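The block underneath contains the structure these notes are about, expressed in C-alpha cells.
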C-alpha cells in the first residue's frame, strides 16, 4: 500500500514489526473463562463461538482485552441478539476503559432491545460511563428490529486535555456498509490510554472483535467535483501512507496484519496520482495527526458508487499502526 520502493520495504519488515492490529473471533471453549480477557463488570461466558454477558445485572457488563491499551484507536464488534431473552438487552464495543469498577470510566457504543416483543435490536446508543453514572451522547431507533449488527467506535485527537473526537458507525443489515454514522462528538476529559473490549447487558452476545491501532475518518461530504479530507491519527512523527480501492476484503502483510483494502486499479492510482490523491504520503505531526485529501472529479457517473480509504504508519522497523477502512459513497 505504498509507492513501489516503500511498499516492498515495509512488506519485508512487516513480519518482525509490532503493529497494533488485532482480530478475535471469540472461538474459545465454552465456559466461564475467556482467555486473555478480564471481567471488569459483571460475569461473562464463552459460548464456543462468541461471548455473552450475564443474564442478571443492574449495570452494563464489560470485559477487556489484557494486551491492548491505547489512547488513539478503533474497535468494532458484532452484536448478536439472544432471542430467548424477552426483556431489555444490549451489546457492543468498549474503548478507553480506565480504572476499575465502581470507579471506572469508558466509552461504549451499543445496540439495544428496549421494547416488547423483545425480538431484535431496535435502538442504538453511544454512552460515556463514570462508575454508576453514564450519559447518552447519541441515540436513535432501528426499524425494523434486527438480530445482528456491526458496530465501530473510534477516537481521534486523544491528546490529554484535548476534546475527544468520537466516530461511531452502525451496520444494521451486515451488508458491509454503514447505515448509521455520527462523527466529531467532542468530550473534554483528562484521558490516559485505556483498554478496549466489549459491553453487554442481560444476555447480550458479542462476536468478531476487530481493533486498529490508528484512526481515520472522513471530514467532508463526498460530493463529486469537490475536495474531501480524511483525518488520520496514529503515533507521533511517523511516516504514513494512504491508499484507496474499490473493495476492502484485505491485503495481508504477514504476521496476521491486514490492510483493509484491495490491490486494484484504483489502489495503484491512489499511490501514483498526487494531483487527485493529495498528501497520501507524509509524516504525522507531534500529536500523531495527519490529513489526506481527495480531489474528486466532476463525473456524474461517480454518484452512488463506493470506494474505500485506509492508511498506515511505519518506521524503519516496519508497520506501526493500521487504520480502519473508511467508506466513501459519492453524492451530488
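Summary of computed values
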| quantity | calculated |
| --- | --- |
| Ranking of 84, 47, 273, 172 by count of other Cβ atoms within 10 Å, fewest first | 84, 273, 47, 172 |
| Mean separation of Cα contacts under 8 Å, 6 or more apart, over the residue count of segment 21-212: relative contact order % | 30 |
| Calculated on alpha-carbon atoms, Rg and Dmax of segment 214-332 in Å | 13.8, 43 |
| For the chain: relative contact order, % (alpha-carbon pairs under 8 angstrom, 6 or more apart) | 21 |
| Computed lengthening from residue 291 to residue 276, 0.36 nm per intervening residue step minus Cα-Cα distance | 4.0 nm |
| Exposure proxy ranking, count of Cβ atoms within 10 Å, fewest first, for 329, 210, 195, 86 | 86, 329, 210, 195 |
| Square roots of five times the Cα gyration tensor eigenvalues for the chain, Å | 33, 22, 19 |
| Hull volume in cubic angstrom per residue (convex hull over the Cα atoms of segment 21-212) | 104 |
| Packing-based order for 27-38, 317-328, using average beta carbon neighbours within 10 Å, highest first | 317-328, 27-38 |
| Length added when fully stretched, residue 49-residue 27, from 0.36 nm per residue minus Cα-Cα | 7.5 nm |
| Segment residue 66-residue 115, extension gain: residue separation times 0.36 nm, minus the distance between their alpha carbons | 14.2 nm |
| Of every Cα-Cα pair in segment 199-259, the percent that sits beyond 18 Å | 60 |
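No lab work stands behind these numbers, since they all come straight from the coordinates. Every value quoted in this text rests on a predicted model; they were computed, and no experiment measured them. Here the Cβ is made from the backbone with ideal geometry for all residues, glycine too, and neighbour counts use every protein chain on show.
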